[in-house]
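Quick notes on the structure that follows.
The values are calculated or read from the model by the stated rules, or taken from the named source; none is laboratory data. This is a predicted model, so every value here is computed, not measured. We place every Cβ from the backbone using ideal geometry, glycine too, and count neighbours over all the protein chains shown.
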Amino acid sequence: MSEMFTTLGTWNWLIFGVILMALELIAPGVFLFWLGLAALLTGLVSFAFNPSWQVQILMFAVFAAAAVPVWRHLARNSAAANSNSPFLNKRADALVGRVFTLEKPIIDGAGTVRIDDTVWRVAGPDAPAGSRVRIVQADGASLTVAVA
């Protein structure tokens, strides 16, 4: 076993990194990619300095641990950059503040309003059909309204 560690060479790290990245393609989850990158970096540094196997394993551990905050930072920045559609998966939240006409009256706190091609359930104060209402809150598929 100790002989395996002493023969740990640069090419082994590079091959290990490529294998981890290939496994990421087969079973995506973004985790193996960063471990593969850490292995590739360890291999590249080993080409330049030829450190002992203990230092190589330590470098791999440090690179792998550093990859987590780097990944979180990159993921957060890319999410912020792609926020030109903040309501993409929150359609109801995009309706807050808009005014619509009641399709069915609000009786005992429940009614409906047609928005484009969808009929939404609304909750709010009693109002006759045809009244203009402003959406004040979205909760799943139910909207809370106030008479506009």
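Couple of notes before you dig in:
- Verdict on A65 being loosely packed, with under 13 Cβ neighbours inside 10 Å, modelled with pLDDT of 85 or more and either assigned to a helix (DSSP H, G or I) or among the charged types (D, E, K, R) (or both): yes
- Screening G43 against (1) in a helix (DSSP H, G or I); (2) small (G, A, S); (3) at pLDDT below 80 leaves a single unmet condition, (3).
- Filtered by the rule that a residue be surrounded by fewer than 14 Cβ atoms within 10 Å (Cβ to Cβ), under 26 Å from the mean Cα position of the chain (by Cα) and free of Cβ contacts under 8 Å to residues at least 12 places away in the same chain, region 23-49 gives L25, I26, A27, P28, G29.
- Close contacts from region 74-100, counting a first residue that is farther than 18 Å from V147 by Cα and at pLDDT below 75 and a second that is part of a loop (DSSP other than H, G, I, E, B) and among the basic types (K, R), with Cβ to Cβ under 9 Å and a gap of 6+ residues or different chains, come to none at all.
- Subset of region 129-148 [within 11 Å of T112 (Cα to Cα) and loosely packed, with under 15 Cβ neighbours inside 10 Å]: A129, G130, S142
- Selection of first residues in region 127-148 that are without any contact (Cβ under 8 Å) to a residue 40 or more places away in the chain and of second residues that are among the acidic types (D, E), restricted to Cβ pairs under 8 Å at least 6 apart or on distinct chains, gives the following pairs, ordered by first then second residue: A129/E103.
- Filter result for F33 (at pLDDT below 90, in the same structural domain as I15 (by TED's automatic domain parsing), outside any loop (DSSP other than H, G, I, E, B) and touching an Asp or Glu at 6+ places or on another chain (Cβ under 9 Å)): yes
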